[in-house]
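The values are calculated or read from the model by the stated rules, or taken from the named source; none is laboratory data. Keep in mind the model is a prediction, meaning the values are calculated, not measured. Please note: Cβ atoms are built from the backbone with ideal geometry, for glycine as well, and neighbour counts cover all protein chains shown.
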Amino acid sequence: MAVAESWTKKYLAEVLGTFVLVFLGDSFVAFAVAGAGGNGFKAGLLAAGLFWGFAVTLAIYTAGAVSGAHLNPAVTLSLAWRRGFPWAKVPGYIGSQLVGAFIAAAGVSFVWNGIIVHAEQAAKPVIERGGDNGILTGLIYSANWPHPGLVGYTGDALTQVPWWRGAGTEIIITAILVICILGIVEDRVPSAANLAPIAIGFVVAALVGLFAPIEMASLNPARDLGPRIWMLLIGYGQNAIPGPNFNIWVTTLMPLVGGPLGAYVYDMFIHQHLPAPVGPDTVPVTEAARARA
(Lines give C-alpha, C1' and ligand atoms only; values in the text may rest on other atoms or scores of the structure.)
Protein backbone atom coordinates (compact mmCIF):
# COMPACT_ATOMS: atom_id res chain seq x y z
CA MET A 1 0.00 0.00 0.00
CA ALA A 2 1.36 3.42 -0.95
CA VAL A 3 2.29 5.74 1.89
CA ALA A 4 1.22 9.37 1.52
CA GLU A 5 4.07 11.84 1.38
CA SER A 6 4.32 13.89 4.56
CA TRP A 7 6.66 16.85 4.71
CA THR A 8 6.21 17.01 8.48
CA LYS A 9 7.72 13.54 8.73
CA LYS A 10 10.56 14.63 6.48
CA TYR A 11 11.26 17.66 8.66
CA LEU A 12 11.26 15.52 11.80
CA ALA A 13 13.61 13.05 10.12
CA GLU A 14 16.00 15.92 9.35
CA VAL A 15 15.85 16.97 13.01
CA LEU A 16 16.68 13.45 14.16
CA GLY A 17 19.37 12.82 11.56
CA THR A 18 21.12 16.12 12.24
CA PHE A 19 20.91 15.43 15.97
CA VAL A 20 22.68 12.08 15.51
CA LEU A 21 25.34 13.70 13.33
CA VAL A 22 26.17 16.61 15.63
CA PHE A 23 25.75 14.77 18.92
CA LEU A 24 28.20 12.03 17.93
CA GLY A 25 30.66 14.36 16.20
CA ASP A 26 30.75 16.99 18.93
CA SER A 27 30.99 14.31 21.59
CA PHE A 28 34.28 13.21 20.09
CA VAL A 29 35.49 16.82 20.11
CA ALA A 30 34.46 17.08 23.77
CA PHE A 31 36.64 14.07 24.52
CA ALA A 32 39.51 15.49 22.49
CA VAL A 33 39.36 18.86 24.25
CA ALA A 34 38.39 17.97 27.81
CA GLY A 35 38.67 14.22 28.22
CA ALA A 36 41.51 11.84 28.99
CA GLY A 37 42.95 14.08 31.67
CA GLY A 38 43.52 16.86 29.19
CA ASN A 39 45.31 14.57 26.76
CA GLY A 40 42.39 13.96 24.44
CA PHE A 41 44.10 15.68 21.51
CA LYS A 42 46.48 12.74 21.37
CA ALA A 43 43.66 11.02 19.50
CA GLY A 44 44.69 13.19 16.56
CA LEU A 45 42.94 14.56 13.51
CA LEU A 46 42.77 11.15 11.88
CA ALA A 47 40.57 9.95 14.72
CA ALA A 48 38.52 13.16 14.54
CA GLY A 49 37.93 12.58 10.85
CA LEU A 50 36.97 8.95 11.39
CA PHE A 51 34.52 9.77 14.17
CA TRP A 52 32.87 12.55 12.14
CA GLY A 53 32.71 10.13 9.22
CA PHE A 54 31.04 7.50 11.41
CA ALA A 55 28.61 10.15 12.63
CA VAL A 56 27.66 11.12 9.07
CA THR A 57 27.19 7.49 8.03
CA LEU A 58 24.94 6.68 10.98
CA ALA A 59 22.96 9.90 10.54
CA ILE A 60 22.28 9.12 6.88
CA TYR A 61 21.13 5.61 7.73
CA THR A 62 18.91 7.13 10.42
CA ALA A 63 17.06 9.68 8.27
CA GLY A 64 17.70 8.72 4.67
CA ALA A 65 14.66 6.54 4.10
CA VAL A 66 12.28 9.35 5.05
CA SER A 67 13.89 12.70 4.25
CA GLY A 68 16.78 11.81 1.97
CA ALA A 69 19.13 12.80 4.81
CA HIS A 70 20.29 16.20 3.59
CA LEU A 71 21.38 17.06 7.16
CA ASN A 72 23.16 20.13 5.81
CA PRO A 73 21.80 23.44 4.46
CA ALA A 74 24.57 23.52 1.85
CA VAL A 75 23.33 20.17 0.50
CA THR A 76 19.69 21.24 0.61
CA LEU A 77 20.47 24.46 -1.26
CA SER A 78 22.49 22.56 -3.86
CA LEU A 79 19.73 20.01 -4.45
CA ALA A 80 17.14 22.75 -4.80
CA TRP A 81 19.23 24.56 -7.42
CA ARG A 82 20.45 21.58 -9.43
CA ARG A 83 18.19 18.60 -8.66
CA GLY A 84 14.67 19.95 -8.44
CA PHE A 85 14.18 19.80 -4.68
CA PRO A 86 11.20 22.11 -3.99
CA TRP A 87 12.35 25.61 -3.11
CA ALA A 88 9.27 26.03 -0.94
CA LYS A 89 10.56 23.23 1.31
CA VAL A 90 14.09 24.60 1.67
CA PRO A 91 13.30 26.79 4.73
CA GLY A 92 11.64 23.84 6.48
CA TYR A 93 14.58 21.56 5.85
CA ILE A 94 17.15 24.13 6.94
CA GLY A 95 15.12 25.04 10.01
CA SER A 96 14.85 21.36 10.93
CA GLN A 97 18.60 20.91 10.56
CA LEU A 98 19.26 23.89 12.82
CA VAL A 99 16.86 22.54 15.45
CA GLY A 100 18.53 19.13 15.35
CA ALA A 101 21.99 20.66 15.74
CA PHE A 102 20.82 22.89 18.60
CA ILE A 103 19.31 19.94 20.48
CA ALA A 104 22.49 17.95 19.85
CA ALA A 105 24.62 20.71 21.37
CA ALA A 106 22.36 20.73 24.42
CA GLY A 107 22.79 16.95 24.63
CA VAL A 108 26.57 17.22 24.42
CA SER A 109 26.48 19.82 27.19
CA PHE A 110 24.31 17.56 29.35
CA VAL A 111 26.59 14.54 28.94
CA TRP A 112 30.01 16.22 28.99
CA ASN A 113 29.56 19.41 31.03
CA GLY A 114 31.14 18.08 34.22
CA ILE A 115 34.28 17.04 32.38
CA ILE A 116 34.34 20.27 30.38
CA VAL A 117 34.05 22.42 33.53
CA HIS A 118 36.82 20.42 35.18
CA ALA A 119 39.08 21.02 32.19
CA GLU A 120 38.25 24.73 32.23
CA GLN A 121 39.10 25.02 35.92
CA ALA A 122 42.30 22.98 35.59
CA ALA A 123 43.65 25.04 32.69
CA LYS A 124 46.38 27.61 33.27
CA PRO A 125 45.05 30.24 33.06
CA VAL A 126 41.51 29.20 33.90
CA ILE A 127 39.26 29.16 30.84
CA GLU A 128 36.39 31.63 31.13
CA ARG A 129 33.66 30.90 28.61
CA GLY A 130 32.90 34.53 27.94
CA GLY A 131 36.53 35.60 28.19
CA ASP A 132 39.36 35.88 25.71
CA ASN A 133 40.26 32.20 26.02
CA GLY A 134 36.70 30.86 26.18
CA ILE A 135 36.90 29.53 22.64
CA LEU A 136 39.32 26.86 23.83
CA THR A 137 36.30 24.90 25.07
CA GLY A 138 33.81 26.64 22.80
CA LEU A 139 35.37 24.75 19.89
CA ILE A 140 33.70 21.65 21.30
CA TYR A 141 30.40 22.93 19.94
CA SER A 142 31.13 24.98 16.83
CA ALA A 143 33.66 25.14 14.03
CA ASN A 144 36.21 27.96 14.16
CA TRP A 145 38.69 29.69 11.90
CA PRO A 146 41.53 29.08 12.55
CA HIS A 147 41.46 25.99 14.77
CA PRO A 148 41.91 27.55 18.26
CA GLY A 149 43.38 24.43 19.83
CA LEU A 150 45.86 23.53 17.10
CA VAL A 151 46.80 26.81 15.38
CA GLY A 152 45.54 29.51 17.75
CA TYR A 153 43.17 32.42 17.31
CA THR A 154 45.25 35.59 17.75
CA GLY A 155 48.43 37.17 16.45
CA ASP A 156 50.60 34.70 14.57
CA ALA A 157 47.70 32.31 13.99
CA LEU A 158 45.93 34.92 11.86
CA THR A 159 49.11 35.40 9.88
CA GLN A 160 49.36 31.68 9.19
CA VAL A 161 45.69 31.35 8.31
CA PRO A 162 44.30 34.75 7.19
CA TRP A 163 40.59 35.19 6.62
CA TRP A 164 40.76 34.68 2.88
CA ARG A 165 42.53 31.34 3.31
CA GLY A 166 39.95 30.15 5.83
CA ALA A 167 37.05 31.28 3.63
CA GLY A 168 38.59 29.81 0.49
CA THR A 169 39.30 26.51 2.20
CA GLU A 170 35.72 26.23 3.43
CA ILE A 171 34.37 26.93 -0.05
CA ILE A 172 36.68 24.38 -1.68
CA ILE A 173 36.10 21.53 0.76
CA THR A 174 32.31 22.01 0.83
CA ALA A 175 32.35 22.00 -2.97
CA ILE A 176 34.32 18.73 -2.88
CA LEU A 177 31.81 17.29 -0.41
CA VAL A 178 28.84 18.05 -2.68
CA ILE A 179 30.69 16.87 -5.81
CA CYS A 180 31.34 13.54 -4.12
CA ILE A 181 27.79 13.24 -2.77
CA LEU A 182 26.29 13.81 -6.23
CA GLY A 183 28.68 11.30 -7.74
CA ILE A 184 27.94 8.69 -5.09
CA VAL A 185 24.15 8.98 -5.44
CA GLU A 186 24.18 9.42 -9.24
CA ASP A 187 21.16 7.50 -10.54
CA ARG A 188 22.68 7.01 -13.98
CA VAL A 189 25.54 4.95 -12.68
CA PRO A 190 24.78 1.49 -11.22
CA SER A 191 25.68 1.48 -7.54
CA ALA A 192 24.83 -0.18 -4.27
CA ALA A 193 22.52 2.37 -2.69
CA ASN A 194 22.95 1.03 0.82
CA LEU A 195 26.68 1.72 0.63
CA ALA A 196 26.20 5.41 -0.15
CA PRO A 197 26.15 6.46 3.55
CA ILE A 198 29.46 4.66 4.10
CA ALA A 199 31.05 6.26 1.05
CA ILE A 200 29.85 9.74 2.08
CA GLY A 201 31.18 9.09 5.58
CA PHE A 202 34.61 8.36 4.08
CA VAL A 203 34.48 11.69 2.21
CA VAL A 204 33.72 13.59 5.40
CA ALA A 205 36.42 11.69 7.30
CA ALA A 206 39.02 12.66 4.72
CA LEU A 207 37.99 16.33 4.64
CA VAL A 208 37.86 16.72 8.43
CA GLY A 209 41.10 14.81 8.97
CA LEU A 210 42.99 16.89 6.43
CA PHE A 211 41.56 20.39 6.77
CA ALA A 212 40.47 20.78 10.41
CA PRO A 213 43.58 22.85 11.33
CA ILE A 214 42.53 25.60 8.89
CA GLU A 215 38.95 26.23 10.02
CA MET A 216 37.85 22.98 11.66
CA ALA A 217 36.25 21.82 8.38
CA SER A 218 32.74 23.04 9.15
CA LEU A 219 31.20 21.82 5.84
CA ASN A 220 27.75 22.37 7.32
CA PRO A 221 26.12 25.65 8.40
CA ALA A 222 23.63 23.85 10.69
CA ARG A 223 26.41 21.94 12.48
CA ASP A 224 27.99 25.33 13.17
CA LEU A 225 25.14 27.78 13.78
CA GLY A 226 22.81 25.53 15.80
CA PRO A 227 25.42 24.85 18.50
CA ARG A 228 26.48 28.51 18.53
CA ILE A 229 22.93 29.43 19.59
CA TRP A 230 23.19 26.92 22.45
CA MET A 231 26.58 28.39 23.38
CA LEU A 232 24.90 31.76 23.93
CA LEU A 233 22.72 30.14 26.57
CA ILE A 234 25.64 28.61 28.50
CA GLY A 235 27.78 31.71 28.79
CA TYR A 236 30.07 31.89 25.77
CA GLY A 237 28.78 35.29 24.67
CA GLN A 238 30.74 36.72 21.74
CA ASN A 239 32.80 33.55 21.55
CA ALA A 240 29.59 31.99 20.24
CA ILE A 241 28.23 34.72 17.98
CA PRO A 242 29.95 36.21 16.06
CA GLY A 243 32.92 34.19 17.37
CA PRO A 244 36.57 35.28 17.68
CA ASN A 245 37.64 37.31 14.65
CA PHE A 246 33.99 37.24 13.51
CA ASN A 247 34.65 33.69 12.36
CA ILE A 248 30.97 32.77 12.00
CA TRP A 249 30.97 34.14 8.47
CA VAL A 250 33.67 31.66 7.46
CA THR A 251 32.21 28.54 9.07
CA THR A 252 28.48 29.23 8.64
CA LEU A 253 28.23 31.26 5.44
CA MET A 254 31.02 29.94 3.22
CA PRO A 255 29.60 26.38 2.98
CA LEU A 256 26.50 27.95 1.42
CA VAL A 257 28.78 29.20 -1.36
CA GLY A 258 30.83 26.02 -1.68
CA GLY A 259 27.91 23.59 -1.83
CA PRO A 260 26.12 25.06 -4.86
CA LEU A 261 29.49 25.70 -6.53
CA GLY A 262 30.31 22.01 -6.18
CA ALA A 263 26.93 21.01 -7.60
CA TYR A 264 27.47 23.26 -10.62
CA VAL A 265 30.98 21.92 -11.23
CA TYR A 266 29.76 18.31 -10.97
CA ASP A 267 26.98 18.92 -13.48
CA MET A 268 29.24 20.71 -15.95
CA PHE A 269 32.06 18.16 -15.85
CA ILE A 270 30.27 14.88 -15.12
CA HIS A 271 26.49 14.75 -14.94
CA GLN A 272 25.65 16.20 -18.34
CA HIS A 273 28.07 13.80 -20.05
CA LEU A 274 26.59 10.62 -18.61
CA PRO A 275 24.28 8.51 -20.78
CA ALA A 276 20.62 9.34 -20.32
CA PRO A 277 18.62 6.69 -18.46
CA VAL A 278 16.87 4.18 -20.75
CA GLY A 279 13.77 2.08 -20.26
CA PRO A 280 10.08 1.87 -21.13
CA ASP A 281 9.14 4.86 -18.95
CA THR A 282 11.81 7.29 -20.15
CA VAL A 283 11.51 9.96 -22.81
CA PRO A 284 14.27 11.80 -24.66
CA VAL A 285 15.58 14.88 -22.88
CA THR A 286 17.86 17.67 -23.98
CA GLU A 287 21.35 18.13 -22.57
CA ALA A 288 20.29 21.41 -20.97
CA ALA A 289 17.44 19.70 -19.16
CA ARG A 290 19.64 16.79 -18.10
CA ALA A 291 22.20 19.14 -16.56
CA ARG A 292 19.53 20.37 -14.18
CA ALA A 293 17.91 16.98 -13.59
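Of the residues 140, 173, 181, only one is closer than 15 Å to residue 217 by Cα and in a helix (DSSP H, G or I); which?
None of the others qualify; the one that does is 173.
Give the residues of the stretch 144-181 that are buried (at least 16 other Cβ atoms within 10 Å of the Cβ), hydroxyl-bearing (Ser, Thr, Tyr) and at pLDDT below 95, sorted by residue number.
Within the stretch 144-181, 153 is the sole residue that qualifies.
Could you grab me the full set of residues in the stretch 214-266 that are of a type in the set (S, T, N, Q) and either buried (at least 24 other Cβ atoms within 10 Å of the Cβ) or modelled with pLDDT of 95 or more (or both)?
Passing the criteria: 218, 220, 238, 239, 247, 251, 252.
What are the pairs with Cβ atoms under 6 angstrom where one residue, in the stretch 45-59, is closer than 10 Å to residue 29 by Cα and buried (at least 18 other Cβ atoms within 10 Å of the Cβ) and the other, located anywhere, is of a type outside the set (Gly, Ala, Ser) and at pLDDT 90 or above? Sequence gap at least six, or different chains.
48/208; 51/28; 52/204; 52/208
Considering every residue within the stretch 217-231, establish whether at least one is over 18 Å from residue 104 (Cα atoms) and either within 16 Å of the chain's Cα centre (by Cα) or free of Cβ contacts under 8 Å to residues at least 24 places away in the same chain (or both).
yes
Hey, among the residues in the stretch 65-92 that are closer than 19 Å to residue 186 by Cα and charged (D, E, K, R), which one's surrounded by the fewest Cβ atoms within 10 Å (Cβ to Cβ)?
83
Just to check your reading of the model, which residue among 96, 109 is touching a residue at least 24 places away in the same chain (Cβ under 8 Å), surrounded by 15 or more Cβ atoms within 10 Å (Cβ to Cβ) and under 16 Å from the mean Cα position of the chain (by Cα)?
Details: 109 fails: under 16 Å from the mean Cα position of the chain (by Cα).
Sole residue among the options that is touching a residue at least 24 places away in the same chain (Cβ under 8 Å), surrounded by 15 or more Cβ atoms within 10 Å (Cβ to Cβ) and under 16 Å from the mean Cα position of the chain (by Cα): 96.
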